[in-house]
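Have a look at the structure below, then the notes.
The values are calculated or read from the model by the stated rules, or taken from the named source; none is laboratory data. Only a predicted model underlies this, so the values are computations on that prediction, with no experimental measurement involved. Here the Cβ is made from the backbone with ideal geometry for all residues, glycine too, and neighbour counts use every protein chain on show.
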């Protein structure tokens with residue numbers, strides 16, 4: 001045994017150099033740090049369908065698949081507005097959903113963010129304002145970021161969510177608009 005210990009002391013530690021961090025992991029770590037700095041914890045989202053055709057919901061569900069892996073970034077969807085930091089609202093607000101949307105907004109603790117999704121959420125879309133529709137989400141609750149598109153792509157959704165977290169407008173090449 002003493003012979004082996006002498007050999008170890010004589011040879012020293014022989015290992016490979018650690019690999020360089022992956023560029024994708026550096027971006028994820030930076031994003032997680034930004035979320036923690038802004039909110040102090042992981043970002044939680046409550047998605048609300050205020051009267052949409054479900055096209056936007058299909059794209060939102062795509063954010064959870066392994067390709068986009070939004071939960072790997074520390075962004076999670078929750079069932080209760082009391083646990084949410086961000087409200088992701090789709091569709092033109094129907095008259096019957098206006099009160100429910102306002103109550104959900106009121107139940108969300110401060111600081112809260114609101115993102116209007118799709119052409120219907122941003123402008124009322126083809127439905128506009130009518131006897132059955134309040135129109136855009138901004139007519140009922142204050143909106144921080146709008147993500148146009150019919151429906152917007154998962155990439156545009158992710159860019160809009162990140163723009164809302166950052167508290168500033170996204171770069172001009174992105175199809176997302178901040179409403180301040």
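When you look at residue 3, is it modelled with pLDDT of 85 or more, surrounded by 12 or more Cβ atoms within 10 Å (Cβ to Cβ) and either assigned to a helix (DSSP H, G or I) or on the phi > 0 side of the Ramachandran plot (or both), yes or no?
no
Being touching a residue at least 12 places away in the same chain (Cβ under 8 Å) and within 17 Å of residue 55 (Cα to Cα) is the requirement here; does residue 85 meet it?
Numbers: touching a residue at least 12 places away in the same chain (Cβ under 8 Å): yes; within 17 Å of residue 55 (Cα to Cα): no.
The answer is no for residue 85.
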Leading residue by the ranking (farthest from residue 166 (Cα to Cα)) among those in segment 66-88 that are touching a helix residue (DSSP H, G or I) at 6+ places or on another chain (Cβ under 7 Å) and in a loop (DSSP other than H, G, I, E, B): 68
Pairs where the first residue, in segment 68-81, is without any contact (Cβ under 8 Å) to a residue 60 or more places away in the chain and the second is in a loop (DSSP other than H, G, I, E, B) and surrounded by 12 or more Cβ atoms within 10 Å (Cβ to Cβ), C-beta under 8 Å, 6+ apart: 71/64; 74/42; 76/42; 77/64; 78/84; 81/108
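Identify the residue in segment 30-47 that is assigned to a loop (DSSP other than H, G, I, E, B) and at pLDDT below 70 and, among all such residues, is farthest from residue 70 (Cα to Cα).
So in segment 30-47, the residues assigned to a loop (DSSP other than H, G, I, E, B) come out as 40-42.
From what is left, the residues that are at pLDDT below 70 are 40-41.
Working: 40: 18, 41: 15 Å.
Going through the qualifying residues, I end up with 40.
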